[in-house]
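*Asks:* Have a look at the structure that comes next, please.
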Protein chains: 2
Amino acid sequence: MSPISITIKDVARELGVSYSSISRALNGKEGVSKETRDKILEMAEKMGYQPNDLARGLVNKISKTVGVIVPDINNPFFGEIVAGITDASSENEYNIFLCVSGWSVKREKEYFNTLIQKRVDGIILKSVGDYNDYENIKSPLMIIERYDRNQKFDSVEVDNEFGGYLATKHLLECGYRKLGFISGREDDSACKRRLRGAQKALEEYGLTLNKDLVIEGSFSIEGGRVAAKQLFEKGQPIDAIFGMNDLIALGALQYCDETGISIPDEVGVVGFDNISYAGLPQIRLTTVHQPKYELGKMLFATLLEEIHNKEEKKPTKKIILNPELKIRKTTRAK
Amino acid sequence: MSPISITIKDVARELGVSYSSISRALNGKEGVSKETRDKILEMAEKMGYQPNDLARGLVNKISKTVGVIVPDINNPFFGEIVAGITDASSENEYNIFLCVSGWSVKREKEYFNTLIQKRVDGIILKSVGDYNDYENIKSPLMIIERYDRNQKFDSVEVDNEFGGYLATKHLLECGYRKLGFISGREDDSACKRRLRGAQKALEEYGLTLNKDLVIEGSFSIEGGRVAAKQLFEKGQPIDAIFGMNDLIALGALQYCDETGISIPDEVGVVGFDNISYAGLPQIRLTTVHQPKYELGKMLFATLLEEIHNKEEKKPTKKIILNPELKIRKTTRAK
DNA sequence: GCATATTTAACAAACGTTTGCTATGATGAA
DNA sequence: TTCATCATAGCAAACGTTTGTTAAATATGC
């Protein structure tokens, strides 16, 4: 009757050698002669020995595991970030726990807790709540799109304010003047900063951001569609929409399609993120590009640094990448 | 100097009680009086005690963790399946390790190994290689789109052959006769079965599947685009394309757009999966719907059953859901 | 050939839990 | 009062590793 799972001790018994030697041989540490090392390696291989990472983690206090919490894995923005993270992590022999909060603060907190219990080495988080809730966390934490006033955590993100500025300025340059804005969540920090950028652009044109024309929707196609409906039904004239992400912009486009509003003549639309579908010939959404995959890679790389230098308290890092305007066919030529 | 992480022993010391009592209290087991139980719970809470799941897993031999290996997280087909899996797992207090093989057999194998080492309770796998490689695995294994001749593993999937049949029959009913097929990978079992269904439909129309008109591409938009190019440049007349997934079909559409081929008059296109973008008003791709999210939920639920009944060897389960044809505007009316 | 340095390997403690067993004290029956 | 019963709580082993320390064996220097 073979054991469920064969351990270091089984190999040791088979070879009549102590298990400390097995451990050292397997980990390439010194203190074993080449001869016994080879013998051990061979036998371990032959017996199909697989180290138990739970036990390893317990003694090493390193689980080679990180947690990733995102609100929505089906939004390609997060999908691509996660792709970057998994690639970077597997290059470093790390595994990731994927947690999808579904925009629920409660679930996010629960996930955070179980990750702590799983003793992950670090966490990469896009919070839907308040980052300050995580203030006294001891494990390394990377923030996607941070905005904690205290700047307690490392973060990697695109310059959202500048992105919002680019998008809005473009609409204005195209001659649109009655801009509506569709945000994702009331207190999403990235949205806030994109709006701040928008305001800047408007001011350059002697305009001002009308709070009435900023609709709170949700970060999804359907959310964009209903928000667009609300926007148009307010009665105020609208000739352009800045959707805070591509999904929202896609939803707005859908609404215009349904109601026969012609794009880009009657109304111009610009999104944010540049998800892959935005570039399809049938869509060709004008949008602000974010280097999502690279963002993911950097998030992991920076987290890993943090993990390695856990001891020395270095100043928090805030890495900012540049967004880029992609002009396509949902805005008219200047 | 507070300890890095506070343990059961710290709580015990604080309370002057043995740690077995702590454990029993925390786990709601009997053998502790209500009085001490309350005292313990309160103190654990106050000290911010977080159980160590590594230690727990070590003794319980259950890690409350499952591994998921998919080829590509940015294909919404897998994205939605994973969403279903994560939702189901979090309902059951499980965490998932997300592994993205990038269609590489080597990476898939490596991931599989590390998952074993992490002592996951089970694995959900879409293999890009041969399932028989996993023949003598002891841990519960769920297969996405299985085709192991020996039927050794449980699986949940859509009836691919029927789906292929539906798509092809639809093209024929619309009057298209010169069908080209774009497959994802040479030996992808789902593709094979979709083609078998296609063959059946062709035969009903007295036609036969011409191997020359089956192109091996890759499961991506770009893959679909170049495969479509190849298909048309073969010189044989083509008036319809069945892309083995929506990404491929989208790529074919893109090629047609670039070369001025009009859809659906000159050429009809049908895809497979019904990813959310296929339904956008600008796209409206005719395709075969798969209930992806539900697939994910069932995959996890079935795996969990397996985990719980690990002992008794039950016959392998093969759950098959029905696909559904979504007729939209990339095929002309009958 | 002897003392010493060095390599190799074994022992045992530790990591943070769970749990079977035992000891203690209280309770109840006779 | 005495004995059996029972609820409560403590002890210690176990899970599968890593690693500091010690012991044995071999090699080195004179």
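The values are calculated or read from the model by the stated rules, or taken from the named source; none is laboratory data. Note that the structure is predicted; figures quoted are calculated from it, not measured. Because the Cβ atoms are built from the backbone with ideal geometry, glycine has one as well, and the counts that use them run over all protein chains shown. In case anyone asks, the SASA skips ligands and DNA or RNA and just uses the protein heavy atoms, side chains included. Shrake-Rupley method; radii C 1.70, N 1.55, O 1.52, S 1.80 Å.
*Asks:* Output wanted: per-residue J couplings in Hz (rounded whole) for region B:5-16, from phi through Karplus 6.51 cos²θ - 1.76 cosθ + 1.60, θ = phi - 60°, x for Gly and Pro.
*Replies:* 8, 8, 10, 4, 5, 4, 5, 4, 4, 4, 9, x
*Asks:* Ordering A:LEU321, B:LEU295 from largest to smallest accessible area (1.4 angstrom probe), what's the sequence?
*Replies:* Ranked list, largest accessible area first: A:LEU321, B:LEU295.
*Asks:* Pairing the Cα long axis of helix B:160-173 with the longest principal axis of chain B, what angle in degrees results, from 0 to 90 and rounded to the nearest 10?
*Replies:* Tilt relative to chain B: about 30 degrees.
*Asks:* Relative to the longest principal Cα axis of chain A, at what angle does helix A:246-259 sit, 0 to 90 degrees, rounded to 10?
*Replies:* 40
*Asks:* Further, regarding this structure: Might you work out the accessible area of A:SER220 for me, using a 1.4 Å probe with all protein chains in place, and round it to the nearest 10 Å²?
*Replies:* 40
*Asks:* Among the listed pairs A:LYS138/B:LYS39; B:LYS61/B:LYS314; A:LYS64/A:LYS310; B:LYS64/B:LYS313, which have their C-alpha atoms separated by more than 18 angstrom in this model?
*Replies:* A:LYS138/B:LYS39; B:LYS61/B:LYS314; B:LYS64/B:LYS313
*Asks:* Could I ask something else about it? How far, in nm to one decimal, is B:THR36 from itself in the other copies if the label point is set 7 angstrom along Cα toward Cβ? Shortest first, please.
*Replies:* Label point to label point, same position, other copies: 4.5 nm.
*Asks:* Taking 8 Å as the Cα distance limit and 6 or more residues as the minimum spacing, I'd like the relative contact order of region A:177-278 as a percentage.
*Replies:* With pairs under 8 Å counted, the relative contact order is 31 percent.
*Asks:* Measure up A:LYS46/B:LYS106; A:LYS46/A:LYS297; A:LYS106/B:LYS317; A:LYS109/B:LYS318; A:LYS152/A:LYS297 against 25 Å on the Cα-Cα distance and list the ones that go over.
*Replies:* The answer is A:LYS46/A:LYS297; A:LYS106/B:LYS317; A:LYS109/B:LYS318.
*Asks:* Please work out how much accessible surface A:ARG196 shows to a 1.4 Å probe, ignoring ligands, DNA and RNA, in Å² rounded to 10.
*Replies:* 100
*Asks:* Using protein heavy atoms only (no ligands, DNA or RNA), what is the total accessible area buried between A and B, 1.4 Å probe, nearest 100 Å²?
*Replies:* Roughly 4700 Å².
*Asks:* While we're on this one: Might you tell me the accessible area per residue for region A:160-290, computed with a 1.4 Å probe and given in Å²?
*Replies:* Ligands and nucleic acids excluded, the figure is 35 Å² per residue.
*Asks:* Distance from the Cα centre of region A:110-178 to that of region A:311-333, in angstrom?
*Replies:* 12
*Asks:* If you don't mind, there's one more thing I want to ask. Among the lysines, select those whose C-alpha is under 20 Å from the C-alpha of B:LYS211, and discard any that sit fewer than 8 residues away in the same chain.
*Replies:* Within the straight-line limit of under 20 Å, B:LYS211 reaches these lysines: B:LYS169, B:LYS178, B:LYS192, B:LYS200, B:LYS229, B:LYS234.
*Asks:* Moving on to the next point. Normalised by the number of residues in chain A, what is the relative contact order in percent for Cα pairs under 8 Å and 6+ residues apart?
*Replies:* So the answer I get is 17 percent.
*Asks:* I would also like to ask the following. On a 1.4 Å probe surface of the protein chains, which of A:HIS170, B:HIS308 comes out largest in accessible area, and what is the full order?
*Replies:* So, going from the largest accessible area down, we get B:HIS308, A:HIS170.
*Asks:* Pairing the Cα long axis of helix A:76-91 with the longest principal axis of chain A, what angle in degrees results, from 0 to 90 and rounded to the nearest 10?
*Replies:* Helix A:76-91 sits roughly 20 degrees off the main axis of chain A.
*Asks:* To continue, here is another question. Please state the Cα pair-distance histogram of chain B with 10 angstrom bins from zero: what percent is in each bin?
*Replies:* 5, 23, 25, 18, 12, 7, 6, 3, 0
*Asks:* When the solvent-accessible surface of protein heavy atoms is calculated with a 1.4 angstrom probe, in what order do B:ASP273, A:ASP72, A:ASP187 fall, highest first?
*Replies:* Sorted by accessible area, descending: A:ASP187, A:ASP72, B:ASP273.
*Asks:* Please identify, among B:TYR111, B:TYR205, B:TYR94, the residue showing maximal mean-square fluctuation in a Gaussian network model of chain B using a 10 angstrom Cα cutoff.
*Replies:* Judging by the Gaussian network model, the answer is B:TYR205.
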